[in-house]
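The values are calculated or read from the model by the stated rules, or taken from the named source; none is laboratory data. The structure displayed is predicted, hence computed values, not measured ones. Reconstructed Cβ throughout: ideal geometry from the backbone, glycine too, with neighbour counts over all protein chains shown.
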Amino acid sequence: MNPIKFIIFNIILSAVIFVGCAQTADENAITVDQLREMMVSDSNFVLLDVRNPYELEDKSLGHIDGVLNIPVQELEERLSELDEFKNKDIAVICRSGRRSETATDLLVKNGFNAVNVLGGMVQYRATENKTE
């Protein structure tokens with residue numbers, strides 16, 4: 001095989017693999033803009049904040065009204081508290097998106113329709129007053 005064709009083939013193959021993996025990783029994720037749309041138009045969802053209770057009082061980030069709070073480290077043992085929401089979408093948020101990603105994975109593995117809010121409360125607050 002021609003060396004240039006070989007290099008081009010490998011670049012294309014790598015790009016296809018990378019894009020495929022990226023799409024899989026974000027399959028259960030939404031942006032803060034999509035969360036805001038859900039909050040306005042979708043009454044059939046629950047917002048689960050998996051931060052520790054004291055973090056909800058943080059003056060810089062605070063919390064979103066109506067949020068359900070179960071810290072991520074308690075989520076597995078408290079899953080039964082969410083059984084009533086099995087038929088609803090669950091948007092999971094934390095400070096930056098890392099804990100909520102872990103929580104989303106746990107919820108999905110247990111039969112919930114859950115999505116991680118990318119960027120968490122940091123991104124939510126950072127884009128709060130943006131003009132469209």
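From Lys109, Lys86, which residue is among the charged types (D, E, K, R), within 16 Å of Asp26 (Cα to Cα) and free of Cβ contacts under 8 Å to residues at least 60 places away in the same chain? The unique qualifying residue is Lys109. Looking only at residues in the range 85-121 that are in contact with a Phe, Trp or Tyr (Cβ under 8 Å, 6 or more places away or on another chain) and of a type outside the set (D, E, K, R), the one that is surrounded by the most Cβ atoms within 10 Å (Cβ to Cβ) is Ile93.
Taken as a whole, the structure places Ile64 among residues that are touching a Phe, Trp or Tyr at 6+ places or on another chain (Cβ under 8 Å) and assigned to a loop (DSSP other than H, G, I, E, B).
Taken as a whole, the range 25-32 holds no residue that is β-branched (Val, Ile, Thr), touching a helix residue (DSSP H, G or I) at 6+ places or on another chain (Cβ under 9 Å), closer than 21 Å to Glu74 by Cβ and modelled with pLDDT of 95 or more.
Does the range 99-110 contain any residue that is modelled with pLDDT of 95 or more and in a strand (DSSP E or B)?
Step one: list which residues in the range 99-110 are modelled with pLDDT of 95 or more, which gives 99-110.
Add one more test, that the residue is in a strand (DSSP E or B), and what stays is none.
The answer is no, given that none of the residues of the range 99-110 is modelled with pLDDT of 95 or more and in a strand (DSSP E or B).
The number of residues in the range 33-52 being part of a helix (DSSP H, G or I) and either touching a strand residue (DSSP E or B) at 6+ places or on another chain (Cβ under 6 Å) or within 20 Å of Lys86 (Cβ to Cβ) (or both) comes to 2.
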